[in-house]
1. If we scan the stretch 114-130, do we find a residue that is among the polar types (S, T, N, Q), open to solvent by less than 10 Å² (accessible area, probe 1.4 Å) and either in the same structural domain as Ala315 (by TED's automatic domain parsing) or part of a strand (DSSP E or B) (or both)?
2. Give the number of residues within the stretch 58-77 that are on the phi < 0 side of the Ramachandran plot, surrounded by 12 or more Cβ atoms within 10 Å (Cβ to Cβ) and assigned to a loop (DSSP other than H, G, I, E, B).
3. Open to solvent by 10 Å² or more (accessible area, probe 1.4 Å), over 25 Å from Met317 (Cβ atoms) and in a loop (DSSP other than H, G, I, E, B), is that true of Asn136?
4. In this structure, is Gln187 within 16 Å of the chain's Cα centre (by Cα) and surrounded by 16 or more Cβ atoms within 10 Å (Cβ to Cβ)?
5. Report the residue count in the stretch 92-111 for those that are of a type outside the set (Lys, Arg), within 8 Å of ligand 2 (Cβ to nearest atom) and under 22 Å from Pro54 (Cβ atoms).
6. If only one of Ala164, Ala144, Ala155, Ala127 is of a type outside the set (Asp, Glu) and touching a helix residue (DSSP H, G or I) at 6+ places or on another chain (Cβ under 9 Å), which one is it?
7. Between a first residue in the stretch 17-38 that is in the same structural domain as Glu121 (by TED's automatic domain parsing) and a second residue that is of a type in the set (Lys, Arg), which pairs have beta carbons less than 8 Å apart while being 6 or more apart in sequence or on different chains?
8. Does the stretch 99-108 contain any residue that is farther than 25 Å from Ile337 by Cβ and within 16 Å of ligand 1 (Cβ to nearest atom)?
Amino acid sequence: MKALVKFAEGRQGMEIRDIPIPTPKKNELLVKIMAAGICGTDIHLMHDEYTYYPPVILGHEYTGIVEGMGSAVSGFAKGDQIISMTAAVTCGHCGYCREGLLMLCNERRSIGSGVNGAMAEYMVIPAELAFKLPANVSGDDTMAIAEPLACVIRAVIEQSHIKAGDVALVSGPGTIGQLTMLIAKMQGAYVIMSGTPQDAERLALARELGADAVCSSPQELKSIIDKITVDGVDVAYECAGAPPSLDVCINMLKKTGNLAQVGLYGKPVPVDMDKILCKELALSVSYATERTSWDILLKLASQGKLEKVKKLISARMPLDEWETAFDMFANKEGYKIYLIP
Ligand SMILES: [Zn+2]
Ligand SMILES: [Zn+2]
């Protein structure tokens, strides 16, 4: 089968290889990949800015069809369309594992960096991490966006403090920002999406997807906030992973508000801790997903509430054209780009 393998440093350490189709172990599913989304993490992996265990097949955002399974698997049948959690290897007995916090296990290895991932024709995954998709979202590859969506569900629904009537700021209108806005709207908040003058198209899409207000400068943001609130926003989701965006979030929050960190910066950044202290801000963070996040995602999917995510899939490209696709993604051309093996 064809697979995009990272075997050494840099872009020159990545290539399409022809390797044998994996054989599922007794507790594993063999999945035929329909689509694998490119994520910021994959760009970091290309540049060796994220831990990986070479040679490894990249890709952790996908949906696919069960093609075979090990002898101990039950509850799945050939032909089922699935999505799955990414933490393929965990120790199973540490305090975090026992609490169900698989992402925090010290021995965790995830698909696409620690073990072989989804940018290939086939992949194996422990059956206990997989979820059969409800019929109404099966039959096409839309749900390859499930993993980033589950990340946002964890950030917004599980970790942040947001309720109907709150005013929420989402700073950074990329894919994660747009998904954050969609989920914050589901929680009943008034959502303002903020970006930069370069983000005109992204802000227009945010509007189309249901943002209550959009703005492209801190001044514009301030005037919107002053019209709708007395003290500032209740929750601010930092989704850009950029220090100026973090400053805007801290400045626009009301005292006792919730600073929710969703984006990754990739390096240490300066933070005005005194302001956080003086405003008594609560900090909420989340690291990818846990099982509970996927349970919520599946409910929203079966209730038909995830239709709008289709607008965030901007291109589908053959796996062979991964270099062009990675460049498009890194240059912020569009939102999600799916590689089709
Ligand atoms: Zn991702
Ligand atoms: Zn563990």
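The values are calculated or read from the model by the stated rules, or taken from the named source; none is laboratory data. In this text, all values refer to a predicted model and were calculated from it rather than measured experimentally. Cβ sites come from the backbone with ideal geometry, for glycine too, and all protein chains shown count toward neighbours. Protein only, heavy atoms only, side chains kept; ligands, DNA and RNA dropped before computing areas. Shrake-Rupley method; radii C 1.70, N 1.55, O 1.52, S 1.80 Å.
1. Scanning the stretch 114-130 turns up no residue that is among the polar types (S, T, N, Q), open to solvent by less than 10 Å² (accessible area, probe 1.4 Å) and either in the same structural domain as Ala315 (by TED's automatic domain parsing) or part of a strand (DSSP E or B) (or both).
2. 5
3. no
4. no
5. 3
6. The match here is Ala155.
7. Close Cβ pairs satisfying both conditions: Arg17/Lys2; Asp18/Lys2; Ala35/Arg316; Gly37/Lys336; Ile38/Lys336.
8. Scanning the stretch 99-108, I find at least one residue that is farther than 25 Å from Ile337 by Cβ and within 16 Å of ligand 1 (Cβ to nearest atom), so the answer is yes.
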